[in-house]
Structures are given as structure tokens and as C-alpha cells.
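The values are calculated or read from the model by the stated rules, or taken from the named source; none is laboratory data. Please read these numbers as outputs of a predicted model, since none were measured by experiment. Cβ atoms come from the backbone with ideal geometry, glycine included; neighbour counts cover every protein chain shown. To get the accessible areas, we keep the full protein, side chains included, count just its heavy atoms, and leave off ligands, DNA and RNA. Shrake-Rupley method; radii C 1.70, N 1.55, O 1.52, S 1.80 Å.
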Amino acid sequence: DNALAEYLLRLGDDRLVLGQRLAEWCGHGPILEEDIALANISLDLFGQAALLLKLAGETEGKGRDEDALAFLRDAVEFRNVQLVELPKGDFGFTIARQFLFDAYSELCYAELARSTHAELAGIASKAHKEIRYHLRHSTDWILKLGDGTPESHARVQSAFDDLWRFTGELFESDDVDRAVAEQGIGVDPSTLRPRWRTRVEAVLAEATLRVPNDGVMASGGRRGRHTEYLGHMLAEMQSVARAHPGAQW
Amino acid sequence: DNALAEYLLRLGDDRLVLGQRLAEWCGHGPILEEDIALANISLDLFGQAALLLKLAGETEGKGRDEDALAFLRDAVEFRNVQLVELPKGDFGFTIARQFLFDAYSELCYAELARSTHAELAGIASKAHKEIRYHLRHSTDWILKLGDGTPESHARVQSAFDDLWRFTGELFESDDVDRAVAEQGIGVDPSTLRPRWRTRVEAVLAEATLRVPNDGVMASGGRRGRHTEYLGHMLAEMQSVARAHPGAQW
Amino acid sequence: SARLAEFEARIAAGETIEPKDWMPERYRKQLVRMMSQHAHSEIVGMLPEGNWITRAPSLRRKMSLIAKVQDEAGHGLYIYCGTETLGVDRAELVAELLSGKAKYSSIFNYPTLTWADIGVIGWFVDGAAIVNQTVLAKTSYGPYARAMIRICKEENFHKRQGFEIVATLAAGTPAQREMVQDAVNRWWWPTLMMFGPSDKDSPNSGELLRWRVKRFTNDELRQRFVNLTVPQAQAVNVSLPDPELRYDAASESWVFGQIDWDEFWRVVKGDGPCNRERLAARNKAHDEGAWVRAAAEAYAAKRDSRRDA
Amino acid sequence: SARLAEFEARIAAGETIEPKDWMPERYRKQLVRMMSQHAHSEIVGMLPEGNWITRAPSLRRKMSLIAKVQDEAGHGLYIYCGTETLGVDRAELVAELLSGKAKYSSIFNYPTLTWADIGVIGWFVDGAAIVNQTVLAKTSYGPYARAMIRICKEENFHKRQGFEIVATLAAGTPAQREMVQDAVNRWWWPTLMMFGPSDKDSPNSGELLRWRVKRFTNDELRQRFVNLTVPQAQAVNVSLPDPELRYDAASESWVFGQIDWDEFWRVVKGDGPCNRERLAARNKAHDEGAWVRAAAEAYAAKRDSRRDA
């Protein structure tokens, strides 16, 4: 099933790429506790990505496993939203991005846990437990940074301002999304937007932050049209695997 | 001839890696004229590297051409000094590194132009003309930055302080160097040090800069023991070539 | 006025206008606008291609690409000098670029995503630039016309190199063929937009044509580019992403589909894929270079005062 | 004194000392020194391995590596808490690390240059740590001994994973085999140095042994590690870079060559390959995190004052 394979790639790639960005913090966090927390979240995301990409490969039926999909595709073959590929920035940027994604992902998994596709439902159900912890973690930090010092407020507000135009893509839906939604397998992302918006508005308000205006939204990741950042990230990520074609690790 | 192939690799790798670091400035220089100048120097270094690596591959006789040597070796197989692989830093760091290298390389090529190895002598003779321009360019900037503003003075002094411990490696000599020197093919780098030191001292004095103290010097590049920076640089540099084994470009 | 009539007569007679000559203020302004946009485009244009210098897959290609980007810097410098003949300072123009006030070619607000983009940019983007500039080389303002002649020569070389990269990929492995086709799909339409809005939406054109600042309309130049490029695409066996593309025997032209003008205006207005990143990159380079420029000035001042002493 | 005699008697009887117990100041200081060095080593040790997280060649290996580095952060945190039972604050210890005053294991001043280093570090470095820590798990200070039991369990897991990576590479392609042999060549001698100077140059050891802060000498532990590791190397067919290595039947031990103590002291004194880079990385993380820590404090203060209001 082409639409399902494509849909699973999108789910898997979002988490793979975001996991990689979070992993860049390892050993460089602002406090030891955050080194641990970000590594933990990154680990969960890679775990979800591995399961989703494995299923995508099986569904596609061309003999590609999760590693082939992660390490042997070029940037234009990736299907993640641009939001997750942006460089990690400062801690405020990383946390703001994480919060925006977690709030979306929590809603997404809650629906997918009821998928008619048993395997996907299983993955989503387990991932939903993980994402609830992630969302609590990022929400806590948005409150601390937004309502902390003037500097932290300014930094995290500026992060939201920069990130906002990348949020539209999370809720785009096309034929692929509608096809899997109609089959009861996937969720049409556009249906998640109102609840996401409500949640984000509530947290930002509590954090004394301003919700940025909706302007022209970035788009293209789902069709392989990425920012220039993704290619550099993949060059690094795939370097060892690419240097040794066919090797086992 | 094993020693000669190894010697040529060292010469070629120094220039390849430094060329790559300079190329990172392209489009990001402090003034347009410097974008042009650094690109020009980078281009010369890549040109020299290509000729030297080609000759290294032919001498080695295992069928590796300059591209195979540049794009299909791992960090531990590179033979450059660590000096050239350090990240580009600010403009002051780049220029200070360049000056230290140019002053060495000019002396090296002047000797190699008289090599009994006709092909190497030819490469060195042409490269010597290029390097004289490079050295003039970096010397000019050392004067401007050293004797410019307090900020520029502090920045370039700090660059020399950080770089100094990487200069020892330029003048190390081992069996390889001595073997090619005895045959009249290569130059024993240790013999260049006094002249290099005189030149560097003179320029730093004129630039109102202090020559750092000789402490414990970094070492290892000639034996493939590099800093962690080289691997990241190569991951990026080799990414496309590695992703398409056997392809023509 | 009499001066205007004389000016227009000289142009009609095919003479070039030189810096010391009288010219209408609107002519001067138009030229400053065009030349500075052109210079800015060269400078910003270094970024998308520069993005692949560190990853070029062979030493030969890496050197060609560095040389190309270096040429672009040189063109920028050369044209900025040209604007100085019209009494406008480079620093002033650069400040306008950095503040986001000045425009540059929208094509550079698209990202370079694979190595094939480097080939396709050379082929398409330099190809389109040549179509524009060959005409500008006969523009009425002497310094600009002469700059265009020199620049065009180099752009021709870049275009040939780009096409050679495309041809190599198109004859390469399946992955390389896919890569180049994908790049062609992404760059085709934005390249057609490089010629600017359709004539019916381009109000300036009448006067510019009369003064020979421009010599053909946007649509005429766009058609010329399409007619040149379609056979080249056929020669290397890549397809252009336009189902409506067809040869019209009557006009001896390739008829093409509808350009997405919404996208065009979105990118012009600052909401293209990379507008923010391009400006941010230029501003970062400028800001981080401030201490270097200050040092060079301070040193020059010290040297002068020592000389005078 | 009587208290000292009582203290030493308790230790001789195999009892553990707990935070509220009286202890000689020198004992307390030694423990703070050892525990903080251990904690610092865990923290700095995140860097060389963290250097390969972004490049791990499979998702499974990437996840294991992240989990390992995360465990190290956890160990660091856990041991810092242990030092607090001795009346020393974590912030104080971290400040000493950042200023370069505090020591940490020199092994982390060597660079990780290939993926194989990740396997070899797990095998050698965690292996050596286990030899040290298995003994420390019976150290006389209770909180440290208990921390060691828990940490040792995880280190054993890390060591197995490292050895598995090594075994996979050693059974892999020629390039993989070369890679792992090169890594073994680079890490073997620095790992032997992890056990500290030879007994004849290690003046502290007498008292530390009597107080059961240490329980074996450096040379005894080093020999134990060598005896454990040589057969493992043979099992995966990698050679250790020591031409003098030979089995001595009489002592049932592997006799090894001369350690380069000049290199050891050079690295200890700050001139190892990566000392500067490691400290710089920790300082950069700390400095860039200052505003985050300030925000967390300010927020907590606000929340408390709201609660009180």
C-alpha cells in the first residue's frame, strides 16, 4: 500500500530527524539533569522512528529495513516536516520546538492508538505514554523560560517567533493523509489543529508569552523539499554507514 | 617507493585540508574582497593538493587517483598536520593559521623546486609562485589586525596563543622525511625551522604581537592521529562521493 | 525639455550614455535600481552554490565551483563599482541589502538540496542570466553595458560547466539520474520566474524600453530562454516538469504552461523558502566582519599618520 | 587518638563508615578527592563518546550509545550526590572542574577518531573501570560503596556492548577490521595508564589501603585488567600493540612492556591531545547554560512567593 508506506515514512522521519537534533545536546546541556532528560527524549524518538520506519519498509515491500531508510536516503527522499530539521539553536529554541512538536505528536498518537492497523496502533499506544512525559517536560520548561528572567523570556519568545512559520506543515493534509484516514489507519493532521492551537495558546499564556501571528507558512518537507540544513545533518549522520557499503555493525 | 608516496601524501593532505577550511569562508567573509582572496587561496591549495595526491597515488601504485585519496579515506588515514584541520574560527584565527602555514610552506616549496624528482620540482616551482602571494596576503593582514584596534590585536594574539602548540608538527622529521631528503627528492622539515622562526618573529614584532612560548607541542597528524575535528570535516566533505560508490562526476 | 529630447535622440541613434553625460533623474534611478539589484543578486547568489563547495564530489568539480562563486563575488564588486559612476556608494547599497529593503533575484531564495542543483543552477540560472545580460550588454548606459559584456563571457563558461554536470549525472547511475531529474523539477519554474512578471503586470517597461535600459520585454526574454533550453533538456534526456509544454510550428516557439504567479509574489515579498536565511547569512557575515573592517581602517589611518609625521 | 583507633578498628573489622560517623579529616578529604574525580570523569567522559552519537552507523547502535552516555551523566549525578554526604557541594566541585583545578581520568583526554573507538572504549575503558570499581564496591565508605555496586552493574553492560561492537567489526569487512585494529592500537596503552602511576611512584597508597579506601595497589589492578583482557583480544583475533606481551606460567599472568610514563604525566599535567578541548567544551556548555539556570531559579522563586502570598 503506497499511501500507507508514505504515511509511515512521514511519521518515522519526523521522529528520526528530531531525535538526531536532540542528540546533538548530549554532553552540552545547560545542567546535567537536562543532559539526561534530552538524551532520554531523543532515545524515545529514535525508538519510535525505528519501529515506524521498519513498518514503512515492510509496507513498501522493497526490502529496505529501518537502517536502509535512515542511512541510505538523500535529503530529498526524506518526508519529515521542516520544523524538526532546523538546527538546534540555543536551549530556548530547542525547547520551544520540542513543545510545539510534542503538543502535536501527543494528539497524533492518541488518535493512532485507535488505528485499525494493529501494529501501528501498538506502536502509537506505547509511544503515547512516552510523549506524555515529553510534553510535560517541554511544557515545564516553557513556563520556566517564559516566566523566568527577562532574558529567558526574550529568548524563548524569539524562538517561538522564528519557529511559528514552520508549524503550518504539521497540519497539512494531502491525498496520502486522507487515504489513510479514510481507512481508519491514520489520522488526517488537519483535524488536530484546533486542539493543538488551544493547548499551545494556554501554555504560552501561562508562560506570559505571545502567540505569534500566522503568516505565510513554510511547506514542502512532506514532498522532499527541505531546508538546506537537512543535507548537512544527514551528511554527518550517514557518514559511517555510507563509507562502508554493505557492512554489518 | 613507500617513503616517497607517504611524503607526497603528507604534502597533499596538508593543502587539501587547509583548502577545505578556507573554502568554508566562501560567501561569509568580512568584506567582499576577502571572499575573493580566500577563495583564490583555497583554489590554489586544492590545485596543489590535486597534483600532489595524483603523484602520491601514482607513486603508491595501487590505482588510487587524487579523488580516491581525497574522498575515500577515513580520518586516521590522513597524513596532514593537526594545524590545518582545526575549525576555521574567526577571521583572526583563520589568518593567523594561514600565516603560520604560508611561512612554512613558502620555505618548503623553495627547497622542493630544486628536487631531483622532476615532476615534484615542477609542481613545487609553480606552487612557490602562488604561495608567495598567499604569504604576502596573510602577512598584510597580520599587520592590520595586530596593529589595528585593541580588539583586533587581542583577537589575533589569542589566535596565535591557541595555534602555537600546533606549529611543532610542521617541523617534525621522521624516517620518511629523512629518506626523501637523503635522496634529494624531499626536504627534511626540521631544517626549515630556524628560517621560519626568524620570519614569524619579524612579522609578529612589526605587528606589535608577542611570540607565544614554546610549550608541549601537539603531534600525531603524520601518523594519522588527529583531532576530533577532522572526522567531522571529512564526513561533510566526502558525503556525496561516499553516497554514490563508483559514480562519475 | 530640450535636454531630455537630446538625450532621447542620442539613445535612439544607438549612442551610449556615459557617467559625465546629462541624464534624466528617472533614468539614473532606474539604472541604480537595476545595477544594485544585479550586484546584490551576485552576492546573495554565492550562498546557495557556496552551500555545496564543502561537499563537491571531486576535486575538479570543487575547484570549478569555488572559481564560479569567486567570479560571482567579482561580478558583484564590479557592478557595485559601476553604481558608483552614478553617484551611489557601495556601503549605502550594502546597507539596503542587509536591512531587507533592497531586492535581489528571487531565484536565490530557493534552497540547494542535492549536488545536482549545482549543475542545474549553472544550466538554468546562468542560462537565464545570459539571456538577460546579452541584451543588457547593449543597454544605453555605457559602464553597465561594458560590465555586462565581461560578465556574460564568464556566465557562458559557468553555464557550460553546469550543463556538463547535468549531462554527466543524466548519463550516470540510476541514483544520479533521479537526482538530476529532481533538481530540474525543482528549478524549472523558479527559473522562468527570473524574467519577472508577465508584460501585462510590468508597468515600467514602456519607458525602460524607450530609453534602452531594457531592450526586450520580460515575456520575450522568457520565451527566448525556453526556446533555447528545451532542446538542451532533450539532448540530455531529462524532462521538464510542464505537461503543457509543446512546440508551436507557427511561431517556431515552445509554448509552456501557466506560471504560478502567487508563488512569484510570495517569494518577492519575502516569504520564499530561504529569504530569511539568505538575509540572516549576509547580516551574520557583515556583523562578524565589523571588527576586521575596523582594524583595517585603524591600521590605514595609523600608517597614513606615520607617513605624514 | 582514641577515635582514630576506634575508626581503624571498625574498618579492620570490615564495617562500613556512614556519613554521620566520625572520620579523620584526611579520610574525608581522600574520599572527596576520589569521588569528585570519579564524578568529573563520568561527565567529561560523555564528550569523547558523545562525539560519535550523531554518526553511529545503525539505529540500534545509536540508541545504545545515547543510553550509555546518558548512564554516564546519571553516574556523575549520583556520585556528586554522594560527595554531598561528605559536606561538599556539587556546584563547588563543578567550579573546580571548569577552572581546570580538579582532575578527571586522563583517558578522556584522548580523541575518538573512528566508530571503532566506541567499541574499544566500551571494552577497554569500561573494562578497566570495572576492575577498579569492583574493588571500590567494597570500599569502607558506605555511600560510595553502594554507588559503585549500582554503577558497576551498568558498566558491565556497557563493556559487553563495547566488546560486541569490537567483535562485529573484527568479523567484518577488511576496512572494518583495520578500523578496529587501529583503535585497539591507539587505546591500549592509555587504558593501562588509567590505573595510575606504578606503585613505587604512588606514595598515597599505604594509608589508603589501610583505611580500605583503596583495596589493591595500582599495579595489582593493572595486572588484573591485562590478565582479563588478553584472552578477550585473542578471542576476537585482534592484536595488542605490545611486542613484549607474553604469558608467564609461574605467575599465571601476562607480562607486558614498559608504559610510557612521560606520556602519562604529560596528559595528567594538561598537555594531552584533548585536555584543552574537553575543558573548553564543558565551560562552553556551562556558560551557555547560565541563562537557563537563572531562569529556572527565578521561576522557582516566583512560584514560591506566589504560594506564600
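Computed quantities for the displayed model
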{"quantity": "Residues being over 23 Å from B:Arg97 (Cβ atoms) and free of Cβ contacts under 8 Å to residues at least 24 places away in the same chain - total across the stretch B:36-56", "calculated": "1"}
{"quantity": "Which numbered condition D:Ala102 fails, given (1) crowded, with 20+ Cβ neighbours inside 10 Å; (2) touching a residue at least 40 places away in the same chain (Cβ under 8 Å); (3) under 15 Å from the mean Cα position of the chain (by Cα)", "calculated": "(1)"}
{"quantity": "Within the stretch C:12-36, tally of residues that are open to solvent by less than 50 Å² (accessible area, probe 1.4 Å) and within 14 Å of C:Leu93 (Cβ to Cβ)", "calculated": "5"}
{"quantity": "Every residue from the stretch B:198-215 that is without any contact (Cβ under 8 Å) to a residue 24 or more places away in the chain and under 20 Å from the mean Cα position of the chain (by Cα)", "calculated": "B:Thr198, B:Glu201"}
{"quantity": "Matching residues, the stretch A:97-122, being in contact (Cβ under 8 Å) with a residue 40 or more places away in the chain, open to solvent by less than 20 Å² (accessible area, probe 1.4 Å) and of a type outside the set (S, T, N, Q)", "calculated": "A:Arg97, A:Phe99, A:Leu100, A:Phe101, A:Ala103, A:Tyr104, A:Leu107, A:Cys108, A:Leu112, A:Leu120"}
{"quantity": "Condition check for A:Arg225: among the basic types (Lys, Arg) and under 30 Å from C:Asp262 (Cβ atoms)", "calculated": "yes"}
{"quantity": "Any hit, the stretch C:156-173, residues being open to solvent by 20 Å² or more (accessible area, probe 1.4 Å), among the basic types (Lys, Arg) and part of a helix (DSSP H, G or I)", "calculated": "yes"}
{"quantity": "Helices (runs of 4 or more DSSP H) (entirely within the stretch A:136-209) containing at least 2 residues that are closer than 22 Å to A:Ile41 by Cβ", "calculated": "A:150-163, A:193-206"}
{"quantity": "Candidate set from the stretch D:1-22 (those that are hydrophobic (A, V, I, L, M, F, W, C) and without any contact (Cβ under 8 Å) to a residue 60 or more places away in the chain); member that is nearest to D:Val88 (Cα to Cα)", "calculated": "D:Trp22"}
{"quantity": "Residues that are open to solvent by less than 30 Å² (accessible area, probe 1.4 Å) and more than 8 Å from every other protein chain (Cβ to nearest Cβ), drawn from the stretch C:253-281", "calculated": "C:Ser253, C:Gly257, C:Ile259, C:Phe264, C:Val267, C:Gly270, C:Gly272, C:Asn275, C:Arg278"}
{"quantity": "Residue count for the stretch C:211-248, restricted to those that are more than 30 Å from C:Lys138 (Cβ to Cβ) and assigned to a loop (DSSP other than H, G, I, E, B)", "calculated": "8"}
{"quantity": "In the stretch C:103-117, the residues that are in a loop (DSSP other than H, G, I, E, B) and modelled with pLDDT of 95 or more", "calculated": "C:Tyr104, C:Ser105, C:Tyr110, C:Pro111, C:Thr112, C:Leu113, C:Thr114, C:Trp115"}
{"quantity": "Test: B:Arg64 is charged (D, E, K, R) and outside any helix (DSSP H, G or I)", "calculated": "yes"}
{"quantity": "When residues of the stretch B:34-53 are limited to those that are open to solvent by 20 Å² or more (accessible area, probe 1.4 Å) and more than 7 Å from chain C (Cβ to nearest Cβ), the one nearest to C:Ser64 (Cα to Cα)", "calculated": "B:Asp44"}
{"quantity": "Condition met for B:Gly186 (farther than 30 Å from D:Cys274 by Cβ, of a type outside the set (Val, Ile, Thr) and buried (at least 21 other Cβ atoms within 10 Å of the Cβ))", "calculated": "yes"}
{"quantity": "Evaluation of D:Glu178 against (1) within 14 Å of another protein chain (Cβ to nearest Cβ); (2) open to solvent by less than 20 Å² (accessible area, probe 1.4 Å) (one fails), failing number", "calculated": "(2)"}
{"quantity": "Any hit, the stretch B:76-83, residues being surrounded by fewer than 20 Cβ atoms within 10 Å (Cβ to Cβ), in contact (Cβ under 8 Å) with a residue 12 or more places away in the chain and either of a type outside the set (Ser, Thr, Tyr) or in a loop (DSSP other than H, G, I, E, B) (or both)", "calculated": "yes"}
{"quantity": "Qualifying residue in the stretch C:132-139 (condition: free of Cβ contacts under 8 Å to residues at least 60 places away in the same chain, farther than 17 Å from C:Ser58 by Cα and not in a helix (DSSP H, G or I))", "calculated": "yes"}
{"quantity": "Qualifying residue in the stretch D:208-224 (condition: modelled with pLDDT of 95 or more, of a type in the set (Phe, Trp, Tyr) and open to solvent by less than 40 Å² (accessible area, probe 1.4 Å))", "calculated": "no"}
{"quantity": "Scan of the stretch B:222-237 for residues that are in contact (Cβ under 8 Å) with a residue 24 or more places away in the chain, open to solvent by less than 20 Å² (accessible area, probe 1.4 Å) and either over 18 Å from C:Asn51 (Cα atoms) or facing another protein chain (nearest Cβ under 7 Å) (or both), ordered by number", "calculated": "B:Gly224, B:His226, B:Thr227, B:Leu230, B:Gly231, B:Met237"}
{"quantity": "Members of the stretch C:183-207 that are surrounded by 19 or more Cβ atoms within 10 Å (Cβ to Cβ), in contact with a helix residue (DSSP H, G or I) (Cβ under 6 Å, 6 or more places away or on another chain) and not hydrophobic (A, V, I, L, M, F, W, C)", "calculated": "C:Pro190, C:Thr191, C:Gly196"}
{"quantity": "Residue count, the stretch B:62-72 (criterion: more than 9 Å from chain C (Cβ to nearest Cβ) and in contact (Cβ under 8 Å) with a residue 24 or more places away in the chain)", "calculated": "2"}
{"quantity": "Any hit, the stretch D:141-154, residues being within 30 Å of A:His244 (Cβ to Cβ), more than 13 Å from chain A (Cβ to nearest Cβ), open to solvent by 10 Å² or more (accessible area, probe 1.4 Å) and modelled with pLDDT under 95", "calculated": "yes"}
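Table: residues versus (1) within 12 Å of another protein chain (Cβ to nearest Cβ); (2) without any contact (Cβ under 8 Å) to a residue 40 or more places away in the chain.
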position	(1), (2)
D:His38	no, no
D:Leu65	yes, no
D:Ala73	yes, yes
D:Leu77	yes, yes
D:Thr83	no, no
D:Arg90	yes, yes
D:Phe108	yes, no
D:Trp115	yes, no
